[in-house]
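Undergrad: Dropping a structure here in structure tokens format, bear with me for questions.
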Amino acid sequence: MLAATTQADEHLHSTFASRYTRSPVPRFHMPERSMPRDAAYQVIHDELMLDGNPRLNLASFVTTWMEPECDTLMMAAINKNYVDMDEYPVTTELQVCWEKFARYFEVELKEVKLKEGYYILDPVQAVELVDENTICVAAILGSTLTGEFEDVKMLNDLLLKKNEETGWNTPIHVDAASGGFIAPFLYPDLEWDFRLPLVKSINVSGHKYGLVYAGVGWIVWRNKEDLPDDLVFHINYLGSDQPTFTLNFSKEVMSGEEFKVTLYLIFLLVFVCCVALNLVFCSNADEKGW
């Protein structure tokens, strides 16, 4: 007697025979359809088999083994966001990235103050603060307070006009920590990214709508020329030339692991989950009168 099997059962027990492992995974665009979790896991797991064995890597000058109890402790804390001092007072140091950058590198920080009923950047006030020494103007796509998008298009237009009048070349950086995972799908016609000529760099956070634990993010520049080569250090400690653009040399393990998980979630969910999360947030915001 033959028992009927569901599609999920078939994928669970025959990952390598499923169509998801017979078809190539898109490299430069989002897949139109999701794939089962076991197939997504297997594709990434097998790709990582090309990596070397850390225990045999004697040239990195870093620890490649710890006691099993250390691994257990790390996994027990992996989902804690230590920037939240109220929740995790034992091991927290408050992260204030813009203020730290300004103080450490002796940069004058000009802030547009929020006002009652308007809790995002006012582009008019921001451009008024720009002078010949301004490095860039930063706009946020997805305010921490309300989730609102700041008007990057208006900021770009006003700044273009000021640049033309003064001969300056002040660019824009977009902090799309939250909105960068939402806007391309919910609001494809909204101009906030590299469609605007003054937007030179964009950052996003994987631990927000990227759906992974805290500690991973990305920054993308418009062109290679927008990241001056004299800010990039080339080192050959480990043999071949390796360009680096960070304040430290080694990379924390969790950032690498979270990148793999992000790739897994892209295969698994495509963009459906990101859209659903944003709709839930907006609904809650309306109920609270934000």
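Undergrad: Can you tell me the FRET efficiency between Asn236 and Lys115 if r is taken as the Cβ-Cβ distance and R0 is 45 Å, rounded to the nearest 0.05?
TA: Plugging the Cβ-Cβ distance into 1/(1 + (r/R0)^6) gives 0.30.
Undergrad: Separation between the Lys153 and Leu263 pseudo-spin-labels, each 7 Å from Cα along Cα→Cβ, expressed in nm?
TA: Here the modelled spin labels are 3.5 nm apart.
Undergrad: Hey, another quick one. Label-point separation (nm) for Lys161 and Asn133, each offset 7 Å from Cα along Cα-to-Cβ?
TA: Result: 2.7 nm between the two label points.
Undergrad: Can you list the lysines whose alpha carbon sits under 28 Å from that of Lys110, skipping same-chain ones fewer than 8 residues off?
TA: Lys100, Lys153, Lys161, Lys162, Lys200, Lys208, Lys224
Undergrad: With a 10 Å Cβ neighbour count serving as the proxy for reagent exposure, in which order, fewest first, do Asp122, Asp241 appear?
TA: Asp241, Asp122
Undergrad: Determine the sum of side-chain charges near Pro171: Lys and Arg each +1, Asp and Glu each -1, restricted to other residues whose C-beta is under 9 angstrom from that of Pro171.
TA: Its environment carries a net charge of +1.
Undergrad: According to a simple spin-label model (label point 7 Å from Cα along Cα-to-Cβ), what is the distance in nm between Glu69 and Tyr187?
TA: 5.2
Undergrad: Here is a follow-up. Would you mind ranking Trp221, Trp65 so that the residue whose beta carbon has the fewest other beta carbons within 10 Å leads the list?
TA: Least to most surrounded, the residues fall as Trp65, Trp221.
Undergrad: Also, I was wondering about something else. Based on the Cβ-Cβ distance of Ala102 and Asn53, what FRET efficiency does E = 1/(1 + (r/R0)^6) give at R0 = 30 Å, to the nearest 0.05?
TA: Computed FRET efficiency for Ala102 and Asn53: 0.10.
Taken together, the values in this text are just the output of simple stated rules run on the coordinates, not laboratory data. Since we're looking at a predicted model, the values are computed, not measured. Ideal geometry is used to build each Cβ from the backbone, glycine not excepted, and the neighbour counts take in all protein chains shown.
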